[in-house]
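The next block holds one structure in the form of structure tokens; read it before the comments.
The values are calculated or read from the model by the stated rules, or taken from the named source; none is laboratory data. Fair warning: this is a prediction, and the values are worked out from it, not measured in the lab. Please note: Cβ atoms are built from the backbone with ideal geometry, for glycine as well, and neighbour counts cover all protein chains shown.
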Amino acid sequence: MGLYDAYLATRHRLHDAEPPAHVALVLTERDLLADGAFDTLSSAIGWAFEYGAERVTVSVSVLDRAVAPTLVRELRRLDAPERTVV
């Protein structure tokens, strides 16, 4: 666990409010075309559920239609802790 992850986990534990039930992650196609991006996305989704989210929405802005099939394929392969719909 990185330093920032530990910091966030501590803040979450010490905060009195309920965690958000729905978390939205807004990305660009460029974010997902970087090396390791889908592993990072999978970790972020897992973290959201681990800390109490009931639903996670991932929105991807796509400018180049040619990359859409690749993104859809990779999103379907995503290792997520809950059922996914692409």
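How about the range 17-34: which of its residues are modelled with pLDDT of 85 or more and loosely packed, with under 13 Cβ neighbours inside 10 Å?
Initial filter on the range 17-34 (modelled with pLDDT of 85 or more): 18, 20-34.
If the condition is that a residue be modelled with pLDDT of 85 or more and loosely packed, with under 13 Cβ neighbours inside 10 Å, then Glu18, Ala21, His22, Ala24, Val26, Thr28, Ala34 are the ones that fit.
Please state which one of Val60, Val85, Val67 is surrounded by fewer than 10 Cβ atoms within 10 Å (Cβ to Cβ) and among the β-branched types (Val, Ile, Thr).
Exactly one residue qualifies, and that residue is Val85.
Given the condition at pLDDT 90 or above, within 19 Å of Leu8 (Cβ to Cβ) and among the polar types (S, T, N, Q), answer yes or no: does some residue in the range 41-50 qualify?
There is at least one residue in the range 41-50 that is at pLDDT 90 or above, within 19 Å of Leu8 (Cβ to Cβ) and among the polar types (S, T, N, Q).
Looking at the range 43-73, which of its residues are under 12 Å from the mean Cα position of the chain (by Cα) and either basic (Lys, Arg) or on the phi > 0 side of the Ramachandran plot (or both)?
If the condition is that a residue be under 12 Å from the mean Cα position of the chain (by Cα) and either basic (Lys, Arg) or on the phi > 0 side of the Ramachandran plot (or both), then Arg55 is the only one that fits.
Taking only pairs six or more apart or across chains, which ones have beta-carbon atoms under 8 Å, a first residue in the range 26-37 that is under 15 Å from Arg77 (Cβ atoms), and a second residue that is assigned to a helix (DSSP H, G or I) and of a type outside the set (Val, Ile, Thr)?
Leu32/Phe38; Leu32/Leu41; Leu32/Leu71; Leu32/Glu74; Ala37/Asp31
Looking at Asp79, is it of a type in the set (Asp, Glu) and either surrounded by 15 or more Cβ atoms within 10 Å (Cβ to Cβ) or modelled with pLDDT of 90 or more (or both)? Steps first, please.
Values: of a type in the set (Asp, Glu): yes; either surrounded by 15 or more Cβ atoms within 10 Å (Cβ to Cβ) or modelled with pLDDT of 90 or more (or both): no.
Here the answer is no, as Asp79 does not meet what is asked.
Restricting attention to the range 38-57, which residues are exposed (fewer than 15 other Cβ atoms within 10 Å of the Cβ) and over 22 Å from Pro19 (Cβ atoms)?
Passing the criteria: only Asp39.
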